[in-house]
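K.L.:
Starting off with a structure, shown below.
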Amino acid sequence: MRKPMAPQIDEKALSKRYRTSVSKIIKLWKSGRNDMEVASLTGLDQFTLRQIKSDIELAYRRTRLEKKKEALARNQASLNHILLRPPW
């Protein structure tokens, strides 16, 4: 069984904005490192690291909301189609 793919975020834009390797930070978080360890390994301060994390969370939230809206619109369209065309 395949795992659903995580929504893609623009790591390149975040890396440019914060002048650090965001993909490396994400890999460290996925390997189980906490914020203090990531900050000491990357040389970032806690505030910047927290901003990066909140930007990533916001990007994921936006993509989930967009998918939810698209699914709702598809369901509404099929519902309207059923209501406008009776089966007889």
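K.L.:
Once the piece of chain linking Leu65 and Glu11 is laid out straight, how much longer is it, given 0.36 nm per residue of separation minus the C-alpha distance between them?
P.N.:
Details: separation 54, 0.36 × 54 = 19.44 nm, distance 1.96 nm.
Once the chain is fully extended between Leu65 and Glu11, it gains 17.5 nm.
K.L.:
Okay, next question. I'm a student and want to see the number: the projected area of the Cα convex hull of segment 11-84, averaged over all directions, in nm².
P.N.:
Directional mean of the projected Cα hull area for segment 11-84 stands at 6.4 nm².
K.L.:
Something else: How would you rank Glu37, Glu11, going from fewest to most other Cβ atoms within 10 Å of each one's own Cβ?
P.N.:
Glu37, Glu11
K.L.:
If you filter segment 1-74 for trypsin sites (Lys or Arg not before Pro), then keep DSSP loop positions with at most 11 other Cβ within 10 Å, what is left?
P.N.:
Working: sites: Arg2, Lys12, Lys16, Arg17, Arg19, Lys24, Lys27, Lys30, Arg33, Arg50, Lys53, Arg61, Arg62, Arg64, Lys67, Lys68, Lys69, Arg74; in loops: Arg2, Arg19, Arg33.
Listed in order of number, the matching sites are Arg2, Arg19.
Quick note: the coordinates plus some simple rules give every number you see, no bench work behind them. Source: prediction; values computed, not measured. When we count neighbours, we look across all protein chains shown, and the Cβ atoms used for this are built from the backbone with ideal geometry, even at glycine.
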